[in-house]
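The values are calculated or read from the model by the stated rules, or taken from the named source; none is laboratory data. As the structure is a prediction and not an experimental result, all values here were calculated from the model. Glycine also receives a Cβ, built like all others from the backbone with ideal geometry; neighbour counts cover every protein chain displayed.
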Amino acid sequence: MKTSKIILSSAISGLLALGAGAVTTANADTEKCYGVVKAGQNDCQTSNSSCAGTSHTDGQKDAWVSVPKGLCDKLVGGSKTST
């Protein structure tokens with residue numbers, strides 16, 4: 001019984017380590033894009049809310065979402081700075 005717990009713990013630790021590596025790689029190739037987020041789909045805080053997923057309206061100017069580099073300039077209403 002003890003051996004199975006050790007194996008399970010090792011497997012979970014390995015998955016968490018792999019996930020953390022993927023996040024770091026993704027962040028290097030992404031940028032914040034303001035003004036294009038659907039209500040409730042923002043990635044982080046805004047001036048009116050403190051958590052991800054709490055934007056109140058579609059296209060809220062201070063709400064952002066992480067997109068691949070270069071994509072924000074191609075989106076209608078997209079801006080790399082909060083206004």
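Count, please, the residues in the range 52-83 that happen to be among the hydrophobic types (A, V, I, L, M, F, W, C) and part of a strand (DSSP E or B).
Final tally of qualifying residues: 3.
Restricting the search to the range 22-53, which residues are more than 18 Å from residue 83 (Cα to Cα) and either among the small types (Gly, Ala, Ser) or at pLDDT below 85 (or both)?
22, 23, 24, 25, 26, 27, 28, 40, 41, 51, 52, 53
Residue 58 is checked against (1) of a type outside the set (Gly, Ala, Ser); (2) at pLDDT 85 or above; (3) more than 20 Å from residue 76 (Cα to Cα) and fails just one. What number does that condition carry?
Every listed condition holds for residue 58 apart from (3).
Counting just the residues of the range 24-46 that are without any contact (Cβ under 8 Å) to a residue 24 or more places away in the chain and in a loop (DSSP other than H, G, I, E, B), which one comes out surrounded by the most Cβ atoms within 10 Å (Cβ to Cβ)?
Among those residues, the one meeting the criterion is 42.
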